[in-house]
Amino acid sequence: MITTKQLSFGYKSGRPVFSGLDLSLPQGSVVGLLGKNGEGKTTLLKNLCGQLFSKQGEINVLGFTPRERKVAFLQQVYLLPEEIHVPQVTIRRYFDLCAPFYPNYDEAIARELIETFSLDWNMNLGKVSQGQKKKALIAFALSLRVPLLLLDEPTNGLDIPSKGEFRRAVARHLSEEQTVIISTHQVRDLEQLIDRIVILERGSIYCNESIADLSERLYFGLISPDEEARALYTEPSLGGTVGILPLQGEAVTDTFSMELFFNAVVSRGEELMHHLHTPSETSK
Ligand SMILES: Nc1ncnc2c1ncn2[C@@H]1O[C@H](COP(=O)(O)OP(=O)(O)OP(=O)(O)O)[C@@H](O)[C@H]1O
C-alpha cells in the first residue's frame, strides 16, 4: 500500500534528509512516525503525498507515484500539516469549498466532530485560536474518509480534553481500510491509538514494527534489581527503575510503552534491534 525503495531527498540548500530510504507499510494500519527533531518526519509525509518529490528512488502510494499528482491520487490522500494556514472564511464555507474534491466525504461525521470539538460552523477560521483551527481541520480530515490520512503533530496545541476527543474521534471514525500515519513527539497522546511504530533516524527507517509483535517479545515497565542484568534498556523513574525486558515464553500482557521504546531505540538501538531481529528460541 505504501512502499519506498532507495528514496533519497534533500532540500536545495542543505544536506540530504534521506538517502536510500526503504519503507513498506500495510493498508489499514495506524502508524506512529517518530524521530528526533529535524530527522525528516514532515519531509517524509510531504513526499508520500506528492507535495515534495525527488527523482532518486521510487515511491508507490495506493498504486500511484505521488509526484505525478494525479487527481485520482490526490482525492485519496490528505495531509494535515503541523502549521495551519487557512483563509478568512467561516468553517462552513471552508468545508463547502474543499470537501467536494473528496468523493468519500461524510457530512454527518463533520457535523458530529464540529460539535464534539465545541466549534461553531459560523466561526471565522482566520480569527479563531490555533487550537480551534487545528480542531476544525482535524474534523475536516476525519470526515473525508480518505484511504490515506497523514497527520503531522495533530495534538500540538490541543488542550487536554481535546486530546482525549481527538483519540476517541480517530478510534470512532476510522474504517479498517484507512491507513493513518501520525507524526508526533506527544507519544502519550497516541499510545492507545497506533498499531505500528516507525522510527526515522539518520536518514533511514531505523525501526518499522507492529505493536502486536513488540508486545509479544518485550515487557515494558518496572524492573526489579535482579532483572536489571537481562534488561535491554532501563531508566530511572519516580516509582523505581523502568525498562524493557525480553519475554521468553511468559504469558503476553500488553505493557507496550511508546515512550520507553523510543528512548531505548535512541540510546541503545543496536542492542534492541539485534534482539528483535534474532529469532527467539521458541521460533527457531
Ligand atoms: N523548506 C526547507 N528548506 C530547507 N531545509 C529544510 C526545509 N524544511 C525542512 N528542512 C530541513 O530538513 C530536515 C528535516 O526537516 P523536517 O521538518 O522534515 O523534520 P522533522 O522530523 O519533521 O522535525 P520536527 O520534529 O522538528 O518537526 C531538517 O534538517 C530541516 O532543517
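The figures follow:
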{"quantity": "Residues located in region 217-250, provided they are among the charged types (D, E, K, R) and surrounded by fewer than 13 Cβ atoms within 10 Å (Cβ to Cβ)", "calculated": "226, 228, 230, 250"}
{"quantity": "Considering residues of region 13-22 that are more than 7 Å from the ligand (Cβ to nearest atom) and open to solvent by 10 Å² or more (accessible area, probe 1.4 Å) only, the residue farthest from the chain's Cα centre (by Cα)", "calculated": "15"}
{"quantity": "Subset of region 88-106 [touching a helix residue (DSSP H, G or I) at 6+ places or on another chain (Cβ under 7 Å) and either under 15 Å from residue 173 (Cα atoms) or assigned to a loop (DSSP other than H, G, I, E, B) (or both)]", "calculated": "105, 106"}
{"quantity": "Residues located in region 221-235, provided they are assigned to a strand (DSSP E or B) and of a type in the set (Asp, Glu)", "calculated": "235"}
{"quantity": "Residue 68 under 18 Å from residue 4 (Cα atoms), over 23 Å from the mean Cα position of the chain (by Cα) and away from the ligand (no atom under 16 Å from the Cβ)", "calculated": "yes"}
{"quantity": "Criterion (under 30 Å from residue 12 (Cα atoms), out of contact with any Pro (no Cβ under 8 Å at 6 or more places or on another chain) and buried (at least 20 other Cβ atoms within 10 Å of the Cβ)) met by exactly one of 34, 74, 52, 48", "calculated": "34"}
{"quantity": "Within region 189-205, considering residues that are open to solvent by 10 Å² or more (accessible area, probe 1.4 Å) and in contact with a helix residue (DSSP H, G or I) (Cβ under 6 Å, 6 or more places away or on another chain), the one farthest from residue 4 (Cα to Cα)", "calculated": "189"}
{"quantity": "Verdict on residue 79 being in contact with a helix residue (DSSP H, G or I) (Cβ under 8 Å, 6 or more places away or on another chain) and more than 30 Å from residue 1 (Cβ to Cβ)", "calculated": "no"}
{"quantity": "Pairs, first acidic (Asp, Glu) in region 104-122, second in a helix (DSSP H, G or I) and surrounded by 15 or more Cβ atoms within 10 Å (Cβ to Cβ), C-beta under 8 Å, six or more apart", "calculated": "106/143; 107/99; 107/143; 120/91; 120/114"}
{"quantity": "When residues of region 160-193 are limited to those that are farther than 25 Å from residue 38 by Cβ and either within 16 Å of the ligand (Cβ to nearest atom) or among the acidic types (Asp, Glu) (or both), the one modelled with the highest pLDDT", "calculated": "165"}
{"quantity": "Pair list, Cβ under 6 Å, 6 or more apart: region 37-57 residue closer than 13 Å to residue 152 by Cβ, other residue in a loop (DSSP other than H, G, I, E, B)", "calculated": "41/35; 46/52"}
{"quantity": "Matching residues in region 210-233 - criterion: being touching a helix residue (DSSP H, G or I) at 6+ places or on another chain (Cβ under 6 Å) and either of a type in the set (A, V, I, L, M) or more than 26 Å from residue 193 (Cα to Cα) (or both)", "calculated": "232"}
{"quantity": "Residues of region 148-177 classified as open to solvent by 10 Å² or more (accessible area, probe 1.4 Å) and outside any helix (DSSP H, G or I), total", "calculated": "8"}
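Matching residues to (1) within 16 Å of the ligand (Cβ to nearest atom); (2) within 30 Å of residue 8 (Cβ to Cβ); (3) part of a strand (DSSP E or B); (4) free of Cβ contacts under 8 Å to residues at least 12 places away in the same chain:
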| residue | (1), (2), (3), (4) |
| --- | --- |
| 219 | no, no, yes, no |
| 256 | no, no, no, no |
| 265 | yes, yes, no, no |
| 275 | no, yes, no, no |
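The values are calculated or read from the model by the stated rules, or taken from the named source; none is laboratory data. Treat the numbers as computed from the prediction; the structure is a model and nothing was measured. In this analysis, Cβ positions are derived from the backbone assuming ideal geometry, glycine residues included, and neighbour counts consider all displayed protein chains. Note: accessible area is taken over every heavy atom of the protein model, side chains too, but ligands, DNA and RNA are not part of it. Shrake-Rupley method; radii C 1.70, N 1.55, O 1.52, S 1.80 Å.
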